[in-house]
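Single-structure report; data block below.
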C-alpha cells in the first residue's frame with residue numbers, strides 16, 4: 001500500500017473522529033471525581049510505575065478526565081489531542097489550577113522538537129480510536145526516550161458488554177468506536193514489533209461500567225468477582241505496556 005494512500009486513509013479517519021467529538025460535550029468524557037475514574041488512575045499508577053520526576057505525554061487527553069487527576073497527584077504531564085474543542089474544555093476544567101502544556105495535533109504530526117523528549121507516552125481509551133495502530137506506535141516511539149515506555153488503558157475486545165454498549169448507547173457508535181474490536185494481544189504485538197518496541201505486557205482488571213462501579217455495592221461486587229480468576233479473560237479493561245530499547 002502506497003504511503004500517500006495510507007496518509008489519505010488516516011486523514012479520513014481523523015476527520016471522522018473530529019466529527020464524532022467536535023462541538024459535543026459527551027457526559028462520559030467530563031472530568032469527575034468518582035470510584036470509576038479513581039480505580040483507573042490507581043491501576044495505571046501501579047502498572048506504569050509512573051514517577052513525578054518523569055516527563056510524560058497523555059495522548060488523546062480529551063477534556064482531561066484522566067489528565068487532571070494525575071496532575072492533581074503531582075505528575076508532570078503534557079496533553080495531546082486532535083480536537084481543539086476538547087482541549088478548550090480541558091482548559092476550562094483546569095481553570096489555571098495546574099501548569100500543563102497542550103498540543104493540538106495528530107501524534108503522527110507532532111513537531112520534531114518533541115523527539116526523544118518523554119519518559120512515558122500514556123493514554124486512556126485512545127488507542128481504539130487510532131487508524132493503522134502500527135503507524136501510531138512508531139510515531140509514539142519517535143518522541144519517547146530510550147528506555148521509555150508506552151502505557152495505555154483500553155477496552156478488552158473480548159468483553160461482550162462493549163458491543164452491547166455501542167449498539168444501545170446514544171453517545172457511542174460503531175463508526176466512532178469500532179476500534180474496540182482490534183484491542184487484542186496479537187495486534188499490540190504486531191504494532192510493537194513494527195515500531196521496534198519490546199517487552200509487551202498486558203494487565204486486565206475490572207468488570208462493570210461507571211453507573212455500577214460508582215455505587216458502594218458495585219465497587220464491592222467487582223472486587224469479589226476479580227478474586228475469581230476464571231473471569232479474568234473477560235475483564236472490561238486492559239493496560240498495555242511496551243518498552244523502547
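The values are calculated or read from the model by the stated rules, or taken from the named source; none is laboratory data. Remember, it's a predicted structure, so these values are computed and weren't measured experimentally. Positions of Cβ are generated from backbone atoms using ideal geometry, with glycine treated the same way; all protein chains shown enter the neighbour counts.
Could you check, for region 42-57, whether at least one of its residues is at pLDDT 95 or above, in contact with a helix residue (DSSP H, G or I) (Cβ under 7 Å, 6 or more places away or on another chain) and either over 22 Å from residue 196 (Cα atoms) or surrounded by fewer than 21 Cβ atoms within 10 Å (Cβ to Cβ) (or both)?
Among the residues of region 42-57, not one is at pLDDT 95 or above, in contact with a helix residue (DSSP H, G or I) (Cβ under 7 Å, 6 or more places away or on another chain) and either over 22 Å from residue 196 (Cα atoms) or surrounded by fewer than 21 Cβ atoms within 10 Å (Cβ to Cβ) (or both), which makes the answer no.
Name the residues in region 101-115 that are surrounded by 13 or more Cβ atoms within 10 Å (Cβ to Cβ) and touching a strand residue (DSSP E or B) at 6+ places or on another chain (Cβ under 6 Å), would you?
102, 103, 107
Kindly establish whether residue 147 is in contact with a strand residue (DSSP E or B) (Cβ under 8 Å, 6 or more places away or on another chain), surrounded by fewer than 13 Cβ atoms within 10 Å (Cβ to Cβ) and on the phi > 0 side of the Ramachandran plot.
yes
Answer yes if at least one residue in region 158-180 is closer than 20 Å to residue 114 by Cβ, in contact (Cβ under 8 Å) with a residue 40 or more places away in the chain and within 16 Å of the chain's Cα centre (by Cα), and no otherwise.
no
Restricting the search to region 31-54, which residues are in a loop (DSSP other than H, G, I, E, B) and farther than 10 Å from residue 75 by Cβ?
Of the residues in region 31-54, the ones in a loop (DSSP other than H, G, I, E, B) are 31-34, 49-54.
Within region 31-54, 31, 32, 33, 34, 49 qualify.
List pairs: first residue in region 32-59 and over 15 Å from residue 208 (Cα atoms), second residue part of a helix (DSSP H, G or I) anywhere in the structure, Cβ distance under 6 angstrom, at least six positions apart or on different chains.
Cβ pairs passing all conditions: 41/69; 58/67; 59/107.
Collect the residues in region 185-229 that are in a loop (DSSP other than H, G, I, E, B) and buried (at least 16 other Cβ atoms within 10 Å of the Cβ), keeping them in residue-number order.
Within region 185-229, 195, 197, 206, 207, 208, 209, 214 meet the criteria.
Name the single residue, out of those in region 61-81 being over 13 Å from residue 32 (Cα atoms) and within 13 Å of the chain's Cα centre (by Cα), that is surrounded by the most Cβ atoms within 10 Å (Cβ to Cβ).
Result: 61.
Suppose we filter 139, 195 for residues that are free of Cβ contacts under 8 Å to residues at least 40 places away in the same chain, in contact with a helix residue (DSSP H, G or I) (Cβ under 6 Å, 6 or more places away or on another chain) and under 19 Å from residue 59 (Cβ atoms); which single one remains? Show your work before the answer.
Numbers: 195 fails: free of Cβ contacts under 8 Å to residues at least 40 places away in the same chain.
None of the others qualify; the one that does is 139.
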